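Take a look at the structure set out below.
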Amino acid sequence: MLLPEKLKRIKEVVYKILDIDISSESVVIEEAKEANELPNEYLERFTLYPLQNKETLKGRENSLLSLERAFENWKILKTPVLVVTQPGEGATSLLHASTYIYPSAKILETNEAIDSYQNLVSLLQKYLQVEGEFKTLNDLKKEVNANCENEVIIIEDIERLFIRKINGFNLLEDFLLFLHGTKKNIFWVLSINKYSFYYLNRVKYFSSNFSYIINLNPIDNDLLREEITSRNAGYTTIFLKPGDISKKVEKKLKGISKEERQQLLEELFYKKLYNFSKGNISKAILYAKRSAYKVKEKVVYIKPYTSQAIEDLNLSDLFTLEAIFQHRALTIQELNIVLRNTNRTSRLTIEKLLEKDLIQIVENSKKTTTEYKINLMFLETLKDKLRSSLNRNIK
Amino acid sequence: MKRIVVFLLLSISTIIYAQQETVEDVQETVEDVQKNVGDTINNAKEIISFTKILTILVVLLLTFGFIKLLNWFFKNMVKNFNRHRLKILRIQPVVNILVWTLAIYTLIMTLFNPSAEAIYALMGSSALALGFAMQDILKNVFGGLLIILDRPFQIGDRINIKGNYGEVVNIGLRNTQINTLDDNLVTIPNSAIISDNISNANSGALDCMVVVNLWLPLHVNVNKVRKITHEAAITSRYLNIDKPVTILFFDHFDHHPATKVVVKAYVLDARYEKLFEADVTEAAKKAFMEVGIYQK
């Protein structure tokens, strides 16, 4: 940890001991207002989208190698593979890019929770391209084993198959039975959210179903820098002094030339970016986007983003956030079920969390109901909150 | 006759001489006493001067204030570092006692600087006097020290003593305070605590085991009930998911034959013990109604 970061940490601890409200001390950038003034052409460069091929995927060589090995293993041992990932780490990109290993793979992407048995059967039938009418997974299994061979099915966000309620695990367990029953003929590649994995592992021993588990590692800082630089290509970047600069650095900035000052501010910006993103590519991109202070012609002014301090969250807010963490995204109706809340209570909590910008609406035009997900910008801070206030061992 | 006169004269002179001696002795004694009293008063004035009394009062007041300040720090730390709440609370009584001991020791040594003999004599005589006069208080004080050193429980633990179940909120030198589930503050003398059985639910850990009892008809489908009760526990927001959940069945044939289902699970924080119990019971009851185990 860098010295300024250490000092900041010490300051936070002292503030906590003295019970001083950190939020009143922090400098908050009116990033929404600033962002509105930025041209769309520039903002679009920071849109998050999954990559489709191996060539454009950076820093995931080891994970791709692990998938290659897993596929080779399956040919002998017939074992499925599970990819455990945090939101924004690029699991979708990895799974799409991995199709060079198994070109005939079918990717099952669903933005909605699979909430009924029939829904699951028809979805699997569609992707497995099996004709006929099947009422149970067992019937489908027989058909698959009779007619399919060496198929590869990739299913993202397997946590969509469960909901934290009594009988809410049945679908996931049925699917796991189906997976074990068909793994000789189908190479299953599944991905799961890290927090759902943590929960399911504790209550249902989920990981014991997989002998091959891939955890995504943080991306190298150099690669993150390369990525951000490429997104700013075509623009001249001018780095501005951050809001929370130390006196020592400020003094140093005064005594150097313009070029040296830019170099120092650039280093400072990237240090802050690395520290914020912790190897998470999406978080790094969002950080860079929020740091864009002004765009004038082909010049972009970058002022390191200062994150907002989270106000005190009550127990109900924390449980709501935890439920969203565990399911990746939830609707209000699902939240009522998970937390055994009334509709009014859930709506009020959601409104509060939206107001604080801790959660966001999932953008999906196909959906009829609104889903809410954790705001990536607060991922680490909220994880810390859950760890300290709810006694959870989330890593 | 002459002999008688001589004897009388001798006797009279002896009496007069003796009287003169006694008066002188008394005068001497009085002078000695006056001198001793004067010395003692001077000594006492030296030992207990107005300045010293004022110093003692100021130091005790400052110590009291310092302890209040420390307690405020502890309170803030407990609030902001919830995960380490019990560790912080554990240190609090030890620090309080150390500060008081240090303050009293510094006062005695700087103001009176007593010799070793004086200390032994003072200890001996005060032990005897205090032993009779403050027997109960001393019992409590030693009880308090034993609790702090032996640590059968700590601040933040959920204990049951003499039928009072609740969270230990303070361990003082004379007594211990427990906040019961009905939010009553029960003060128990330390001497009573060390001579009684204590059951401690969490023993310094943040979580604790909660036992939920559910009563069902004898002829229930055990597999169905096991699944429902297990999932009622694992889906509860208050569950400590890092610890196991156990479901047990017992048949009772007393007045009303019934199956007792015991759910043993750990709550994430001992403070939510009853909320967890209620949450599991509520969820299980709703599910039992849905499958027809309980009549709607």
Working only within the stretch B:30-73, note down all residues that are over 23 Å from B:Asn113 (Cα atoms), within 26 Å of the chain's Cα centre (by Cα) and not aromatic (Phe, Trp, Tyr).
-> B:Gly65, B:Ile67, B:Lys68, B:Leu69, B:Leu70, B:Asn71
Can you tell me which residue in the stretch B:203-243 is nearest to the other protein chains (Cβ to nearest Cβ), limited to those that are part of a strand (DSSP E or B) and open to solvent by less than 70 Å² (accessible area, probe 1.4 Å)?
-> B:Leu239
Go through the residues of the stretch B:244-253 one by one and say whether even a single one is modelled with pLDDT under 95, part of a helix (DSSP H, G or I), within 14 Å of chain A (Cβ to nearest Cβ) and within 40 Å of the chain's Cα centre (by Cα).
-> no
Starting from the stretch A:177-196, keep only residues that are free of Cβ contacts under 8 Å to residues at least 60 places away in the same chain, then list their pairs with residues that are surrounded by fewer than 21 Cβ atoms within 10 Å (Cβ to Cβ) and polar (S, T, N, Q) whose Cβ atoms are within a distance under 6 Å, requiring at least 6 positions of separation or different chains.
-> A:Asn185/A:Asn145
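Let's see how each residue does on (1) more than 26 Å from A:Asn40 (Cα to Cα); (2) assigned by TED's automatic domain parsing to the domain that holds A:Lys11:
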{"position": "A:Lys296", "(1), (2)": "no, yes"}
{"position": "A:Phe319", "(1), (2)": "yes, no"}
{"position": "A:Ile324", "(1), (2)": "yes, no"}
{"position": "A:Leu330", "(1), (2)": "yes, no"}
{"position": "A:Gln333", "(1), (2)": "yes, no"}
{"position": "A:Ile361", "(1), (2)": "no, no"}
Could you check, for the stretch B:100-108, whether at least one of its residues is at pLDDT below 90 and surrounded by fewer than 11 Cβ atoms within 10 Å (Cβ to Cβ)?
-> yes
Single unsatisfied condition, A:Val144 versus (1) open to solvent by 80 Å² or more (accessible area, probe 1.4 Å); (2) in a helix (DSSP H, G or I) | (1)
Output the strands (runs of 3 or more DSSP E) that fall wholly within the stretch A:184-274 and possess 2 or more residues being over 22 Å from A:Thr56 (Cβ atoms) and aromatic (Phe, Trp, Tyr), or say none.
-> A:186-193
Given the conditions (1) away from chain A (no Cβ under 14 Å); (2) open to solvent by 90 Å² or more (accessible area, probe 1.4 Å); (3) modelled with pLDDT of 85 or more, report the number of the one that B:Lys35 does not fulfil.
-> (3)
Among the candidates A:Leu95, A:Leu120, which residue alone is hydrophobic (A, V, I, L, M, F, W, C), at pLDDT 90 or above and closer than 29 Å to A:Phe134 by Cβ?
-> A:Leu95
Tell me which residues, restricted to the stretch A:280-299, are of a type in the set (A, V, I, L, M, F, W, C), crowded, with 21+ Cβ neighbours inside 10 Å and either farther than 28 Å from A:Ser191 by Cα or within 13 Å of chain B (Cβ to nearest Cβ) (or both).
-> A:Ala292
Subset of the stretch B:49-68 [among the polar types (S, T, N, Q), part of a helix (DSSP H, G or I) and farther than 19 Å from B:Asn96 by Cβ] = B:Thr51, B:Thr55
Filtered residues of the stretch A:173-209 (kept if within 14 Å of chain B (Cβ to nearest Cβ), surrounded by 22 or more Cβ atoms within 10 Å (Cβ to Cβ) and of a type in the set (A, V, I, L, M)) | A:Leu200
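The values are calculated or read from the model by the stated rules, or taken from the named source; none is laboratory data. As the structure is a computational prediction, the values presented were derived from the model and not from experiment. Note: ideal-geometry Cβ built from the backbone for every residue, glycine included; neighbour counts use all protein chains shown. For accessibility, only protein heavy atoms count, side chains too; no ligands or nucleic acids. Shrake-Rupley method; radii C 1.70, N 1.55, O 1.52, S 1.80 Å.
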